[in-house]
1. Restricting to the stretch 246-281, what's the tally of residues that are closer than 22 Å to Leu153 by Cα and hydrophobic (A, V, I, L, M, F, W, C)?
2. Tell me whether the stretch 75-98 contains one or more residues that are at positive phi and of a type outside the set (A, V, I, L, M, F, W, C).
3. I want to confirm something. Restricting to the stretch 217-234 and keeping residues that are in a loop (DSSP other than H, G, I, E, B) and within 9 Å of the chain's Cα centre (by Cα), which single residue is farthest from Ile329 (Cα to Cα)?
4. Give all pairs with beta carbons closer than 6 Å in which a residue from the stretch 118-132 that is among the aromatic types (Phe, Trp, Tyr) meets a residue that is surrounded by 24 or more Cβ atoms within 10 Å (Cβ to Cβ) and not in a strand (DSSP E or B); count only pairs at least 6 apart in sequence or on separate chains.
5. Go through (1) buried (at least 22 other Cβ atoms within 10 Å of the Cβ); (2) of a type outside the set (S, T, N, Q); (3) at pLDDT 90 or above; (4) more than 28 Å from Gly345 (Cβ to Cβ) and name the single condition Leu202 misses.
6. Being among the β-branched types (Val, Ile, Thr), within 25 Å of Gly206 (Cβ to Cβ) and buried (at least 20 other Cβ atoms within 10 Å of the Cβ) is the filter here, so list the residues in the stretch 146-193 that pass it.
7. Tell me the helices (runs of 4 or more DSSP H) entirely within the stretch 118-206 that contain at least 3 residues that are within 22 Å of the chain's Cα centre (by Cα) and within 18 Å of Thr228 (Cα to Cα).
8. Take the residues in the stretch 16-54 that are out of contact with any Asp or Glu (no Cβ under 9 Å at 6 or more places or on another chain) and surrounded by fewer than 16 Cβ atoms within 10 Å (Cβ to Cβ), then tell me which one is nearest to Asp237 (Cα to Cα).
Amino acid sequence: MAHWKKAVLDPSATLGEAIRNLDESALQIALVVDPDGRLLGTITDGDVRRAILRSETLDAPVGNVMKANPITAGPDIDRKTVMRWMREYQIAQVPIVDAEGVLTGLETLSRIVQDDRSDNWVVIMAGGLGTRLRPLTENLPKPLIPVGGKPVLESIIERLAEQGFKRIFLSVNYQAEKVEAYFGDGHEWGVDISYLEESKRLGTAGALTLLPETPSAPFLVMNADLVTAINFRRLLDFHVDQVADATMGVREYRFQVPYGVIEMSGNQITEINEKPTQNYFVNGGVYALSPAILHHVPDGEMYDMPTLFDQVISEGGLASAFPIHEYWIDIGQLDDLQQAQEEFGKVFGAKEPV
């Protein structure tokens, strides 16, 4: 089977099926094709994230999500022209169709049109006290707590290395010597690890002032206590696509009110909603930032990431949201840590040691 056929979707498919297709095909695009083989539209990871922000459910039809008039090329077009289109329109794939609109192939030249991705740094905040995880963190820093048979931070670094990130900075404070002794310079994982030594706690953004220089390209910032299947490259691509100053990974949070909620006009009851479910997007602790916004962060002061986003917004900058539909859990509390340990093998194919 031609590789592009793995990305083909039926028009009756749902958003949830499109997400699975994107993950399984690894082509970063799904191709919606009618029964006669004609291309109806395309779906990229960015299309999926924007649909989730519009509150589309996983049962929504792909027609609600797809781009109905994608850029396509004929079967006889030369690759040089396709490459030029990719650069001009900032796209990574071009479907190939014949004169009748029937899909016959897919050009994927993302390696050629993208910048050298080794320029994208990662800063991981690994200096927290882990107070809510005591007594576990009395003698062990939170990033070294095992989940899936290895420290949670090791799993993060392995995932980053698999996705091509090379330069990683660990911001350390509490029991910093143990973190540094475990990870060293990062050569064991094929990455270059440097340390940002916090002489005092600087919050989730303050340590960015300790970087040796301003990054030359958008970079990631994340917490060290996350167990997640996020593709961090997709977060960066989304950030660039949105032309954002700052992008926050957000997670949908739902809870059910255990009572009947009363809607009122003055003292008159207008409606009773029995045990309604409330939906919110919450901060997922992973961010993509453009270098230009670093001037907002004050030197040597406690400064948190939500404050940085507030500053960007107040000055008219673009702060975008990247909805996380992949597995994600913050192990900052004992119950969540236990849940992550129980679920790790199911999600990542590994088992806790007996």
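1. Selection size over the stretch 246-281: 2.
2. From the stretch 75-98, those at positive phi are 90; that's our starting set.
The next check asks that each one be of a type outside the set (A, V, I, L, M, F, W, C); those that pass are 90.
Yes - at least one qualifying residue is present in the stretch 75-98.
3. At the first step, the residues of the stretch 217-234 found to be in a loop (DSSP other than H, G, I, E, B) are 217-218, 224-225, 229-231.
Subsequent filtering for residues that are within 9 Å of the chain's Cα centre (by Cα) retains 229-231.
Details: Ala229: 10, Ile230: 11, Asn231: 15 Å.
Filtering first and then ranking leaves Asn231.
4. none
5. (3)
6. Here is the first cut: in the stretch 146-193, the ones among the β-branched types (Val, Ile, Thr) are 147, 152, 156-157, 168, 172, 179, 191, 193.
Subset that is within 25 Å of Gly206 (Cβ to Cβ): 152, 156-157, 168, 172, 179, 191, 193.
Val152, Ile156, Ile157, Ile168, Val172, Val179, Ile193 - these are the residues of the stretch 146-193 that are among the β-branched types (Val, Ile, Thr), within 25 Å of Gly206 (Cβ to Cβ) and buried (at least 20 other Cβ atoms within 10 Å of the Cβ).
7. On the way: elements: 152-162, 176-183, 203-206.
Here the list reads 152-162.
8. Ala26
The values are calculated or read from the model by the stated rules, or taken from the named source; none is laboratory data. Treat the numbers as computed from the prediction; the structure is a model and nothing was measured. Reconstructed Cβ throughout: ideal geometry from the backbone, glycine too, with neighbour counts over all protein chains shown.
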